[in-house]
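Below is one structure, written out as structure tokens; comments come after it.
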Amino acid sequence: MTRTHGFIGRRSFLAGMGGLGIAAAAGSNLIWQPEEALAQNSTKPQIKPKPISPDAALKLLLEGNQRFVEGKRQNPHQSRLRLQETAVAQYPFASILGCADSRVPAEIVFDQGLGDLFVVRVAGNVASQTAIGSLEFSTAALGSQLIVVVGHSRCGAVTAAAKGDPLPGRIGVFVEEIKPAVARVRAKTGDLEQNAVIANIQYQAQKLAESSTILSGLIKEGKLRIVGGRYDLASGKFTIVT
């Protein structure tokens, strides 16, 4: 069985997911084939970095955000060489479940570069089934040992959930997944929308840990940590809230 960062390798991971209906694709080598072809044709030896612990990964993110806030971004890992290295394989040191809001691009606000972060973005930073599956892959197959749920101030999705008005199209689908978090703080004193943003971050982080046997298993083994934090649109500051 192949391993990545001591975790299940991509081929083994995909092959073992037959019960979820993707075994046929994995077995026929249709998934990730371009990346494997690049790896086979690469003239440079592939060097796998040592896995980064959850605490160390979080420290890197917080330091990067501090540089962003202070206007001292280093823009790391954005060279042509880095582009070539990541074309062969990826080893993200952290995974992000963030809101799709255009004002919160993870690589910029955490001052990271190509291949550093595995980012899943959906309105309201909702831990949907698709998002959970993506994060299972980033942790179990790619070896990321940290998942950060990133919510932000003045989130339109959270505001919509707090108001509870009927919504057109499929907008209501992800808003419904935020309403349980809003219910937790509706009777709390203070600004409902601000309280709901934090409650939603905490709720979605909890959902990740409890709704996935893969993620919960890695947490029990000490190979994964899930945290949540609030990004302030005005200052650019990211603050842990879990």
Do we have Ser153 as of a type in the set (Gly, Ala, Ser), within 18 Å of Gln129 (Cβ to Cβ) and either surrounded by 14 or more Cβ atoms within 10 Å (Cβ to Cβ) or touching a strand residue (DSSP E or B) at 6+ places or on another chain (Cβ under 9 Å) (or both) here? no
Of all residues being of a type in the set (Gly, Ala, Ser) and open to solvent by 50 Å² or more (accessible area, probe 1.4 Å) in region 49-91, which is nearest to Val227 (Cα to Cα)? Just the residue, please. Ser53
Please give the number of the condition Phe118 fails out of (1) surrounded by fewer than 18 Cβ atoms within 10 Å (Cβ to Cβ); (2) modelled with pLDDT of 95 or more. (1)
If we ask which residues in region 92-115 are small (Gly, Ala, Ser) and either surrounded by fewer than 21 Cβ atoms within 10 Å (Cβ to Cβ) or more than 11 Å from the chain's Cα centre (by Cα) (or both), their number turns out to be 4
Qualifying positions in region 159-182 - over 19 Å from Leu97 (Cα atoms) and either open to solvent by 70 Å² or more (accessible area, probe 1.4 Å) or not in a helix (DSSP H, G or I) (or both): Lys163, Gly164, Asp165, Pro166, Leu167, Pro168, Gly169, Arg170
Look at Lys188 and say whether it is in contact with a helix residue (DSSP H, G or I) (Cβ under 7 Å, 6 or more places away or on another chain) and assigned to a loop (DSSP other than H, G, I, E, B). yes
Given (1) of a type in the set (S, T, N, Q); (2) in a helix (DSSP H, G or I); (3) open to solvent by 30 Å² or more (accessible area, probe 1.4 Å), Gln204 misses just (3)
Count of region 96-139 residues which are touching a Phe, Trp or Tyr at 6+ places or on another chain (Cβ under 9 Å) and of a type in the set (Ser, Thr, Tyr): 4
Give the residues of region 190-209 that are without any contact (Cβ under 8 Å) to a residue 40 or more places away in the chain and closer than 23 Å to Gly133 by Cα, sorted by residue number. Ala199, Tyr203, Gln206, Ala209
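The values are calculated or read from the model by the stated rules, or taken from the named source; none is laboratory data. In this text, all values refer to a predicted model and were calculated from it rather than measured experimentally. Note that we place each Cβ from the backbone using ideal geometry, even for glycine, and neighbour counts take in every protein chain shown. For accessibility, only protein heavy atoms count, side chains too; no ligands or nucleic acids. Shrake-Rupley method; radii C 1.70, N 1.55, O 1.52, S 1.80 Å.
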